[in-house]
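*Asks:* I have a structure I would like to understand better, so I am pasting it below and will then ask my questions one at a time.
Only the coordinates and a few stated rules stand behind these numbers; no lab work does. None of the values given here were measured: they were computed from a predicted structure. So basically every Cβ, Gly included, is an ideal-geometry build from the backbone, and we count neighbours across all protein chains shown.
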Amino acid sequence: MVTFISLALLLYLIQLILPNALKAGTGYAKRAGKALKNLSESLPVFLALAILSIVLSVDENTILALYWLIARLVFVVIYISGLGLDKKSEESQGPDKQPFRSLVWAGSVTVLIAMTSNLL
């Protein structure tokens, strides 16, 4: 579990750097910033659940932590690359419409719910 916590923090660090590393004003940089904001909302929940899993010796959550990390990696790749994003969404000020990204996000939330359930 400690490995997955470390990898999640590494993912966060990489995502902190990405918006500035990508060319400013591009869709990639904007989406990288939005992906970072999204991760910063779910990372504290993951970290709390992972640490509680260690303290309470809930080994079932180790594989779930791996699934969460994979989902978050897939999520950021889809988000930043703009996979499935139509040109109309790219130019609009509203939310990006990427159904596959939303599905992956829902999967990551489902994993967090399963981790919580295992702790109860």
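*Asks:* Note the full-extension length gain between S81 and V109 as 0.36 nm times their separation in residues minus their Cα-Cα distance, in nm to one decimal. Don't skip to the answer; put the middle values down first.
*Replies:* Values: separation 28, 0.36 × 28 = 10.08 nm, distance 2.13 nm.
Taking 0.36 nm per residue and subtracting the Cα distance, the gain is 7.9 nm.
*Asks:* Just to be sure I follow the definition: excluding the sites themselves, where is the longest run in the chain that has none of the trypsin sites (Lys or Arg not before Pro) in a DSSP loop with at most 14 other Cβ atoms within 10 Å?
*Replies:* On the way: sites that count: K23, K97.
In the chain, the maximal stretch lacking such sites is 24-96.
*Asks:* What size of dipole, in debye to the nearest 20, comes out for the chain about its Cα centre when the only charges are +1 on Lys and Arg C-beta atoms and -1 on Asp and Glu C-beta atoms?
*Replies:* That gives a dipole near 460 debye.
*Asks:* Would you look at the GNM of the chain, springs on alpha carbons closer than 10 Å, and say which of S57, S40, S108 moves the most?
*Replies:* Residue with maximal mean-square fluctuation among S57, S40, S108: S57.
*Asks:* What is the local net charge at A24, summed over the other residues whose Cβ is closer than 15 Å to its Cβ (Lys, Arg +1; Asp, Glu -1)?
*Replies:* Counting the neighbours of A24, the net charge comes to +4.
*Asks:* Tabulate in residue order the Karplus-calculated ³J(HN,Hα) for region 40-51, using 6.51 cos²θ - 1.76 cosθ + 1.60 with θ = phi - 60°, rounded to whole Hz; enter x for Gly and Pro.
*Replies:* 5, 7, 9, 4, x, 5, 4, 4, 4, 5, 5, 5
*Asks:* In whole Hz and in residue order, list the ³J(HN,Hα) couplings for region 19-31 that follow from phi through the Karplus curve 6.51 cos²θ - 1.76 cosθ + 1.60, θ = phi - 60°; x for Gly and Pro.
*Replies:* x, 7, 6, 7, 4, 4, x, 7, x, 4, 5, 5, 5
*Asks:* May I have the count of lysine pairs in the chain with C-alpha atoms under 20 Å apart, counting pairs 8 or more residues apart or located on different chains?
*Replies:* Within the chain, the lysine pair count is 12.
*Asks:* Ok, one more. Hey, with R₀ at 22 Å, roughly what FRET efficiency would I70 and N20 work out to, going by the Cβ-Cβ distance, to 0.05?
*Replies:* 0.30
*Asks:* Which of the following values of semi-axes √(5λ) of the Cα gyration tensor in Å was calculated from the structure shown: (1) 19, 17, 15; (2) 29, 15, 10; (3) 31, 19, 12?
*Replies:* The value computed from this structure is option (2).
*Asks:* Choose one of N61, L73, I5: the residue whose Cα lies farthest towards the positive end of the charge dipole of region 2-119 (beta-carbon charges +1 Lys, Arg; -1 Asp, Glu; about the Cα centre).
*Replies:* Of the listed residues, the answer is L73.
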